[in-house]
2 protein chains.
Amino acid sequence: MAVGDVTMPQMHVVQGVKIGSAEAYVRYPNRRDLVVFEFAEGTNVAGVFTQNAFCAAPVHICKAHLAENNPRYLVINTGNANAGTGPTGMQNAKTTCTSLAELTHVSASEILPFSTGVIGEQLPMDRLLKGLQPALDTLNSNAWVDAAKGIMTTDTLPKGASEQFELDGVTYTMTGISKGAGMIRPNMATMLGFIATDVPISRPLVQQLLKTSVEQSFNRITIDGDTSTNDSCIFAATGQAGGVEIASEDDSRYAVVLEVLSCVMKRLAQLIVRDGEGATKFMTVAVEGGANTQECCDIAYSIAHSPLVKTAFFASDPNWGRILAAIGYAGVPNLDVEKIQVWLDNVQICKDGGAAADYTEEAGAKVMAQSEITIRVDLGRGQAKDTVYTCDLSYDYVKINADYRS
Amino acid sequence: MAVGDVTMPQMHVVQGVKIGSAEAYVRYPNRRDLVVFEFAEGTNVAGVFTQNAFCAAPVHICKAHLAENNPRYLVINTGNANAGTGPTGMQNAKTTCTSLAELTHVSASEILPFSTGVIGEQLPMDRLLKGLQPALDTLNSNAWVDAAKGIMTTDTLPKGASEQFELDGVTYTMTGISKGAGMIRPNMATMLGFIATDVPISRPLVQQLLKTSVEQSFNRITIDGDTSTNDSCIFAATGQAGGVEIASEDDSRYAVVLEVLSCVMKRLAQLIVRDGEGATKFMTVAVEGGANTQECCDIAYSIAHSPLVKTAFFASDPNWGRILAAIGYAGVPNLDVEKIQVWLDNVQICKDGGAAADYTEEAGAKVMAQSEITIRVDLGRGQAKDTVYTCDLSYDYVKINADYRS
C-alpha cells in the first residue's frame, strides 16, 4: 500500500515525444514490458547514471552513446536488469540498439537502452527483439501512462508527474515518469526516470538542469540503502513547442524551467518512496544547523537507513532513542551532542542532547500515528541543511524481497 | 531461534572473580536484571567502548574510572540503557557507583557501571539501589551462567565461552559472557562482553590483548548496522592462579593467552550473531584479494548490511545479483569488476564479474538451504583479507523491533 497521495495526474502531451509499448514476455506473460520513446529531430537529451561499480550493460552503452550522439530513441525493458551478465550482456544491449536502429533508420548510437529487473540473468533476446516492431507500431504522443505502467517491476502503481507553464507567452509542458520501489538508494540518479519538455534548450543546459535537479530529488531518497546497478535518469528537451532556444543560464526562462523540472523530479522521486516496498509511512528526514551539507546528509541517511528507526516507525513507536543512536554513529567528527535538538513534526523529543523536559509519550505517539512524519534534527553548529526522504521497514518489505524471484 | 550450536559450555571458575545478581525490577519483574562482578585485589582490568557520539552515561563514567583506577567491581543492569538521559543520567550512573562503593568499602572510581536496554528513559534508581546489597549477598565464584542470564535483553539465550589451558605447568582459565541480539554493529567493542582470566598479566598488556582480540571478534559482527550507544567490553586478569606476571609481549606465554582470548571472544561475538534478532541463517562474509584491509571490510559490511542480500538469504534464494550490487556500491575506488570472483561456500557464482559459466541454480539453491553459509569474495587486486559475521533479515526481525518497547 503506497503512502499518501500517489494519484497519477493528467499527463500532458509533450510535443515531439511519442511513446510505444509491447508485450514482449521478457519475464512475465501478458504485460507491457517493452517501451520505446521517440524524440523529434533536434531534441537535446541528457542522462545521469548509477555509480555502482557493477553497473549494468545498458548503463555502459547509454554513457557511450550519449557521448557520441543526441539520442532519438530510448528502449526500455522490465523484468531483467541485464546486469552482472558479462560480455554476453554487453552484446545483447548493443544488439537491442542495432535492431531498433535498423527498424527506425537511425544510427545505433542514437539509441539508449535501459533494463530493470532481476540481476544476473541474460535477456531473452528472441522475445525482446520480436517486441520492437509491435512497440513502434503503437507510437503516439498520448501514452505516458502506458509507459509508466510498462516500466514497473515491484512497483504497486505507475508514477507520473506533469506540469504546464508559460514562458514569454508560449505554453510549455514538462512530463515525466519513474519506477522503483526497492534497491533504492540512488547515487547520481534514480532507478529509472524519464522526463521530457517541449521547451527549446541547448544540450549543455539540458545536462546542467538535470544534474542540478537530480541532487535534491532522486539523490535524496532511500528505501533500503541498496544502490542499484541500473539507476538511470533521462531528461529530454524537444523544443517542439516553439520559441527561442534557452542557451544561457542568464536567460530568465532558465530559472523557471529549473523550478518546474525540480518540482516534477521531486514528485517522481517521492512517489518512489511513497511506493517503497512494504511502506506504511513516508518520512522526511531534515537535518539543519550543520557545519556543511555533507554532514547533514550523513546524519540524515544514518537515520533513514537504520533498521531500528525504520521498524520503530512501522510500529508507530516514538522510540526516539533509536534516532539519537543513529545520529551518534553517523561518523560526523566532533559532534557535540549537547547542542542537538530533535523534533517529530512540531514535537520536540530531544533538547540539548537529552530528553526534552516537556516531551510526553502521548505527544510523540500522536505524531507517530500519522502516515507522513518529519524528523527534524538541529546540529547547532552551522548553517548547512539537507533533506532525505524514506519510508519505514515493515513485514511486507521482507515478504516482497524474500519472494521477489519466486 | 538461534542458528547452529549455541550451547552454553561448562563455565570454568576463574580464580579471583566472584559474581552476584539480584532481581531489581529495573524494567520487568521476576527476573535477575542486576549483576555485580567482584575482582580480587591486584586484578588488572581493561575496557573498550562504543564510538557512538551519543554514548551512554555509564560509558562516560567507565572511561573516567578506568583512567583513574584499576576497577574492583562491575555493576550491570539490563532493561534500561541510561543513554540519552542528560545530566540526570550521569548523576544516576555516579550514584550507582558511590552506593556500591559504600557497601563494599572501596573508592567509587574502583567501580565500573554498565547499562543496557531502552534508550532515553531514566533509571529507576530506588529499585536499582535496593538491589545492590541482595546482589552482593549472592557473590560466589560459580555464577557465570547466572550472570549471562542477568545481562540479557532481547537475547533468546545466555551466551558464554570458557577455556582452560596450561602455561609453564600451571592450569589457567579464561571465561567470558556476552549479550546482544539487535542494534549490533559494534565499533571498538560489543554490546556487552565480560571476559576474565586468572593468568597474571600486567595492565598495559591486558589492554593490548583486549584491543587486539576485539578487532577480529566483536568488531567484525553486524546484525543491523546499528552501532549501540552502550557497547562495552571488559577484560580482567586476576593473576589469582599464580605464576609470574606476563609483563612483555616477548614472554612466550603472551601469544598463548592472545590465542585463547581471541578464541573466546570470537565465540562470544559469533554467539551474538547466531542469536541475532529473527536470525535463521549465520553468514560468514570473507573478502580476500584486496589492496588493503579497509576495502575488504567495506565490501564485507556492504554485503552484510544490504537488506536485499539479507532477505534473499532468509528466503534461501541464491539471488547472487544482489551480492554483486552490494559489492559495487561499497564505494571502493577503481574496482575492476572483471577481476571479481564470488563463491557461496564452494560454489562459484560469479567469475570475472559475470555469471560463472558452470553455475547452476540447483547448486546455488543447495548451499542456500543450509543454515550456515560463507560468502567468499576475491577482489583480485592484492593480498589483504578480512571477515565479517552476520545473519539474515527475517519477518521476526521486524516483529521483534516493532514490538520491543510494548
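All of the numbers you see were taken from the coordinates with simple rules; none came from a lab. Given the structure is predicted, the values throughout are model-derived calculations rather than measurements. Every residue, glycine as well, gets a Cβ built from its backbone with ideal geometry; the counts of neighbours run over all protein chains shown.
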Handout entry: Distances in nm from residue A:403 to the matching label points in the other copies, shortest first (labels 7 Å along Cα to Cβ)
Key = 2.1
Handout entry: Sequence-separation-based contact order of region A:17-274, relative, with Cα cut under 8 Å and 6+ spacing, percent
Key = 24
Handout entry: Under the Debye formula (equal points on every Cα, no solvent term), log10 I(q)/I(0) of region B:214-345 at q = 0.12 Å⁻¹
Key = -0.62
Exercise for the section: Determine, from the Cβ-Cβ distance of residue B:133 and residue B:10 and an R0 of 41 Å, the FRET efficiency 1/(1 + (r/R0)^6), rounded to the nearest 0.05. Expected result: 0.85
Problem - Given A:310/B:63; A:18/A:130; B:63/B:385; A:94/A:130; A:130/A:211, the pairs whose alpha carbons are separated by over 24 Å - result: A:310/B:63; B:63/B:385; A:130/A:211
Exercise for the section: Treat every Asp and Glu Cβ in chain A as -1 and every Lys and Arg Cβ as +1, leave all other atoms uncharged, and give the resulting dipole magnitude about the Cα centre to the nearest 20 debye. Expected result: 820
Fill in the blank from the handout: Calculated from DSSP helices alone, with each H run of at least 4 adding -39500 (n - 2.57) and the total divided by the residues of chain A, [θ]222 nm to the nearest 500 comes to -10500 deg cm²/dmol
Exercise for the section: Please figure out what share of the DSSP beta bridges in the protein assembly as shown is antiparallel and state it in percent, rounded to the nearest 5. Expected result: 70
Problem - Percent of beta bridges antiparallel (DSSP, region B:282-403, rounded to nearest 5) - result: 70
Completion exercise
Dividing the mean separation of Cα pairs under 8 Å (6+ apart) by the residue count of region B:282-403 yields a relative contact order in percent of 46
Exercise for the section: Using a 10 angstrom cutoff on alpha carbons, build the Gaussian network for chain A and name the most mobile of A:180, A:89, A:321. Expected result: A:321
Exercise for the section: Evaluate peptide A:301-312: per residue, the Cβ atoms of other protein chains within 10 Å of its Cβ; return the mean as an integer. Expected result: 5
Completion exercise
A student applying the Cα gyration tensor rule (rounded when a/c is under 1.5; otherwise prolate if a/b is larger than b/c, oblate if not) would label region B:1-82 rounded
Problem - Inter-chain Cβ neighbour average for residues B:5-12, partner chain, 10 Å - result: 0
Fill in the blank from the handout: Looks like the protein assembly as shown, by Cα gyration tensor root eigenvalues a ≥ b ≥ c and the a/c under 1.5 rounded cutoff (else prolate when a/b is bigger than b/c, oblate otherwise), is prolate
Problem - Full-stretch length increase - residue A:102, residue A:67 - with 0.36 nm per residue and alpha-carbon distance subtracted - result: 10.5 nm
Exercise for the section: Report the FRET efficiency, 1/(1 + (r/R0)^6), for residue A:168 and residue A:30, where r is their Cβ-Cβ distance and R0 is 35 Å, rounded to 0.05. Expected result: 0.15
Handout entry: GNM flexibility winner over chain A from A:264, A:214, A:118 (Cα, springs under 10 Å)
Key = A:118
Fill in the blank from the handout: Quick calc of log₁₀ I(q)/I(0), region B:282-403, Debye, one scatterer on every Cα, no solvent, q values 0.13 1/Å, result -0.47
Problem - Loop-exposed GluC sites (Glu not before Pro) per DSSP, neighbour cap 14 Cβ within 10 angstrom, longest uninterrupted part of chain B - result: B:42-248
Exercise for the section: Describe numerically, in nm with one decimal, the distance between label points set 7 Å from Cα along Cα→Cβ at residue B:374 and at residue A:339. Expected result: 4.8
Completion exercise
Label points for residue A:362 built 7 Å along Cα→Cβ; distances to same position in the other copies, nm, shortest first, come to 6.6
Exercise for the section: Consider all pairwise Cα distances in region B:226-303 and report the whole-number % of them above 19 Å. Expected result: 61
Fill in the blank from the handout: Per its Cα gyration tensor (rounded if a/c is under 1.5, else prolate when a/b beats b/c, else oblate), region A:18-166 is best filed as rounded
Fill in the blank from the handout: Between the Cα axis of helix A:125-137 and the main Cα principal axis of chain A, the angle (0 to 90°, nearest 10) is 80
Practice task
Quote the charge dipole size of the protein assembly as shown about the Cα centre in Debye, to the nearest 20; the model charges only the Cβ of Lys and Arg (+1) and of Asp and Glu (-1).
Solution key: 680
Problem - Cβ neighbours within 10 Å from other chains - mean over A:45-56 - result: 4
Practice task
Only helices at least 20 Å long along their axis, Cα-based, and averaging 0.0 or more on Kyte-Doolittle count here, so list those DSSP H runs from chain B.
Solution key: B:252-274
Completion exercise
One would report the antiparallel percent of DSSP beta bridges in region A:17-274, rounded to the nearest 5, as 70
Problem - region A:17-274: proportion of alpha-carbon pairs further apart than 33 angstrom, % - result: 12
